[in-house]
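The structure appears right after this line, and notes come after that.
Nothing in this text is a laboratory measurement; each read-out follows from the coordinates by a stated rule. Note that the structure is predicted; figures quoted are calculated from it, not measured. No Cβ is skipped: glycine too gets one built from the backbone with ideal geometry, and neighbour counts run over all protein chains shown.
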């Protein structure tokens with residue numbers, strides 16, 4: 001119980017310090033502003049910590065594995081996007097044959113299989129750290145967090161489009 005209280009207090013202190021820093025106007029001297037992806041990752045970690053109610057020992061092991069899982073996903077996405085871009089360029093340049101397409105399909109399939117195997121390995125390790133209830137919460141969180149973020153992005157885009165329309169309209 002004390003560990004949970006300390007962890008909650010630490011997270012609260014970090015978040016309040018973070019919000020104070022963010023409320024300050026940006027300085028031109030310090031161009032090192034975190035990327036939106038980094039902010040999103042921090043939010044995700046904070047929410048995961050809160051939802052899973054991790055013990056101290058679990059926290060260290062879980063987030064080490066979770067970092068590996070996220071790195072695996074990022075690397076897979078990068079390689080996949082690269083392959084798709086190459087395929088797109090070959091199609092655009094009419095430099096495509098049936099064997100070239102089959103090669104791309106094979107590479108993409110192998111890449112997906114590697115991702116699935118890597119994810120399974122890491123999730124199996126995470127499963128040894130978390131309780132069954134925590135594991136269930138983790139799986140649900142992974143699905144709902146992505147959906148929530150996509151919804152927030154859609155809403156933000158809609159607001160930006162409405163703002164542009166309003167600015168374009170002048171009486």
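Here the condition is being free of Cβ contacts under 8 Å to residues at least 40 places away in the same chain and under 30 Å from residue 58 (Cβ atoms); of 155, 97, 109, 128, it holds for 128 alone. Look at (1) more than 27 Å from residue 83 (Cβ to Cβ); (2) within 18 Å of the chain's Cα centre (by Cα) and you find that residue 165 fails only one, number (2). Considering (1) in contact with a helix residue (DSSP H, G or I) (Cβ under 8 Å, 6 or more places away or on another chain); (2) within 18 Å of residue 51 (Cβ to Cβ), the lone condition that residue 108 does not fulfil carries the number (2). The residue pairs whose first member lies in the range 41-64 and is free of Cβ contacts under 8 Å to residues at least 60 places away in the same chain, whose second member is outside any helix (DSSP H, G or I) and surrounded by fewer than 16 Cβ atoms within 10 Å (Cβ to Cβ), and whose beta carbons are closer than 9 Å, counting only pairs six or more residues apart or on different chains, are 42/34.
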